[in-house]
Amino acid sequence: MVYKPYMDFPVNEDLVSGLLTALNQFTIVEFKQGIDSIEMGGLRWVYIQDKETNLLFIAADSKAISTDMLRSRLDVIRHTFIQQYANSKNRWKDKWTGNVEVYKPFENVIDEYYTQWIQAERITTVAEFFDILGIFQQILNLIMNVIEGHLFAKKKQRIYKKIEKMFKNYTKLEIVKKNPELSNIVFHRKTGINIININPMNCDMLVVEKQIINLIKRMVEILKDEEEYFESLKFFVDENIFEYLLSNFSLLNDLNLFIFLIKLFLMK
């Protein structure tokens with residue numbers, strides 16, 4: 001349905017897909033369970049079978065990457081694909097016509113994840129991860145300063161209700177259930193949003209980074225929904241958000257986040 005290569009590995013995608021699917025089906029018949037991972041052709045391959053939709057997700061990378069890391073990344077792709085195309089059995093049954101072209105746009109989603117993972121691999125130590133957590137925490141603090149210091153009480157209450165609803169839904173996400181450390185991202189009206197309690201030794205740092213970026217994006221969107229564009233922009237300037245981003249240009253640019261964050265706060 002969807003095939004996206006990033007390695008110089010000249011193979012026929014239909015042939016490989018058929019072979020790997022047949023191999024997985026064989027192990028189900030013979031051993032009553034599918035393949036979790038195999039090493040073949042100098043690569044590490046992982047499988048995730050989604051029973052609700054009867055879809056098989058497969059990823060491959062060099063043997064340098066751990067099976068757990070590769071499976072974690074594949075599971076993010078699986079979850080996103082199902083949310084986008086198959087979030088209910090009926091919808092999936094009605095949608096599937098045999099035409100794989102309708103899933104072509106999902107390659108762009110995979111591209112986005114792949115780019116983020118490659119960039120995030122530059123975070124090689126726990127100390128660097130804490131540096132990034134600190135920057136994200138301060139950005140969230142500045143957003144909370146905008147809410148607390150510039151909005152009237154009625155509008156502030158509306159925003160807080162939206163944030164509380166967002167966090168209530170967040171705790172129910174499958175990715176949070178599979179990565180319990182993400183539950184340490186919390187919100188309280190008096191103290192704001194706290195992400196510093198995340199223990200990098202107990203989590204996939206790439207997954208955590210992705211969720212925090214999504215959180216920052218959603219917070220800015222909530223603010224812009226409640227305020228006029230120019231008013232929001234003025235508040236961002238007053239709280240020195242752009243100045244803070246510029247002061248951390250080097251690290252944010254290395255992670256390919258500087259332009260993204262500037263646009264997030266600057267654009268309508």
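Criterion first (over 24 Å from residue 74 (Cα atoms), at pLDDT 90 or above and among the β-branched types (Val, Ile, Thr)) does residue 212 satisfy it? Please lay out each step first, then the result.
Numbers: over 24 Å from residue 74 (Cα atoms): no; at pLDDT 90 or above: yes; among the β-branched types (Val, Ile, Thr): yes.
It is false that residue 212 is over 24 Å from residue 74 (Cα atoms), at pLDDT 90 or above and among the β-branched types (Val, Ile, Thr).
Restricting attention to the stretch 46-63, does a residue exist that is surrounded by fewer than 16 Cβ atoms within 10 Å (Cβ to Cβ), under 21 Å from the mean Cα position of the chain (by Cα) and modelled with pLDDT under 75? Reasoning before the result, please.
Start the filter on the stretch 46-63 by keeping residues that are surrounded by fewer than 16 Cβ atoms within 10 Å (Cβ to Cβ), which leaves 50-52, 54, 62-63.
Then drop every residue that is not under 21 Å from the mean Cα position of the chain (by Cα), which leaves 50.
After this cut, where a residue has to be modelled with pLDDT under 75 as well, the list is none.
No, the conditions are met nowhere in the stretch 46-63.
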Any residue in the stretch 222-234 that's more than 10 Å from residue 268 (Cα to Cα) and in a helix (DSSP H, G or I): show its pairings with residues that are of a type in the set (Lys, Arg) and modelled with pLDDT of 90 or more at Cβ separation under 7 Å, as long as the two are six or more apart or on different chains.
222/162; 226/155; 226/158
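Pull up the stretch 51-72, narrow it to residues that are out of contact with any strand residue (DSSP E or B) (no Cβ under 7 Å at 6 or more places or on another chain) and outside any loop (DSSP other than H, G, I, E, B), then point me to the one that is farthest from residue 206 (Cα to Cα).
Here is the first cut: in the stretch 51-72, the ones out of contact with any strand residue (DSSP E or B) (no Cβ under 7 Å at 6 or more places or on another chain) are 51-55, 64, 66, 68-69, 72.
If we keep only those that are outside any loop (DSSP other than H, G, I, E, B) too, we end up with 55, 68-69, 72.
Details: 55: 25, 68: 13, 69: 10, 72: 10 Å.
Of everything passing the filter in the stretch 51-72, 55 is farthest from residue 206 (Cα to Cα).
Right, residue 204: closer than 16 Å to residue 257 by Cα and either touching a Gly at 6+ places or on another chain (Cβ under 8 Å) or modelled with pLDDT under 90 (or both) or not?
Working: closer than 16 Å to residue 257 by Cα: no; either touching a Gly at 6+ places or on another chain (Cβ under 8 Å) or modelled with pLDDT under 90 (or both): yes.
For residue 204, the condition - closer than 16 Å to residue 257 by Cα and either touching a Gly at 6+ places or on another chain (Cβ under 8 Å) or modelled with pLDDT under 90 (or both) - is not met.
Name the single residue that is nearest to residue 65 (Cα to Cα) among those in the stretch 201-254 being among the charged types (D, E, K, R) and touching a Lys or Arg at 6+ places or on another chain (Cβ under 7 Å).
Step one: list which residues in the stretch 201-254 are among the charged types (D, E, K, R), which gives 204, 209-210, 217-218, 221, 224-228, 231, 234, 238-239, 243, 254.
If we keep only those that are touching a Lys or Arg at 6+ places or on another chain (Cβ under 7 Å) too, we end up with 226, 254.
Numbers: 226: 44, 254: 22 Å.
Only one residue fits best here, namely 254.
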Conditions first: (1) farther than 18 Å from residue 143 by Cβ; (2) touching a residue at least 12 places away in the same chain (Cβ under 8 Å); (3) not charged (D, E, K, R). Residue 173 passes all but one, so which condition is the exception?
(2)
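If we keep just the residues of the stretch 174-190 that are part of a loop (DSSP other than H, G, I, E, B) and within 20 Å of residue 220 (Cβ to Cβ), which is modelled with the highest pLDDT? Can you show your working first?
Start the filter on the stretch 174-190 by keeping residues that are part of a loop (DSSP other than H, G, I, E, B), which leaves 179, 185, 189-190.
Now narrow it down to the ones that are within 20 Å of residue 220 (Cβ to Cβ): 185, 189.
Working: 185: 94, 189: 88.
Only one residue tops the list, namely 185.
Out of curiosity, is residue 156 basic (Lys, Arg) and within 19 Å of residue 232 (Cα to Cα)? If you could, list the steps in order and put the result at the bottom.
On the way: basic (Lys, Arg): yes; within 19 Å of residue 232 (Cα to Cα): yes.
Yes; evaluated as a whole, the condition is true for this residue.
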Looking across the stretch 209-268 at residues that are surrounded by 16 or more Cβ atoms within 10 Å (Cβ to Cβ), over 17 Å from the mean Cα position of the chain (by Cα) and of a type in the set (S, T, N, Q), the single one that is farthest from residue 126 (Cα to Cα) is 232
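Across the stretch 67-91, what is the number of residues that are among the polar types (S, T, N, Q) and modelled with pLDDT of 80 or more? Let's see the steps before the verdict.
Within the stretch 67-91, the subset among the polar types (S, T, N, Q) is 67, 72, 80, 83-84, 87-88, 90.
From what is left, the residues that are modelled with pLDDT of 80 or more are 67, 72, 80, 83-84.
Residues meeting the conditions: 5.
Quick one: is residue 193 among the β-branched types (Val, Ile, Thr), surrounded by 13 or more Cβ atoms within 10 Å (Cβ to Cβ), at pLDDT 90 or above and within 16 Å of the chain's Cα centre (by Cα)?
On the way: among the β-branched types (Val, Ile, Thr): yes; surrounded by 13 or more Cβ atoms within 10 Å (Cβ to Cβ): yes; at pLDDT 90 or above: yes; within 16 Å of the chain's Cα centre (by Cα): no.
Here the answer is no, as residue 193 does not meet what is asked.
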Just a yes or no: is a residue in the stretch 76-89 surrounded by fewer than 18 Cβ atoms within 10 Å (Cβ to Cβ) and outside any helix (DSSP H, G or I)?
yes
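The values are calculated or read from the model by the stated rules, or taken from the named source; none is laboratory data. Being a predicted model, the structure only gives us computed values, none of them experimental. So basically every Cβ, Gly included, is an ideal-geometry build from the backbone, and we count neighbours across all protein chains shown.
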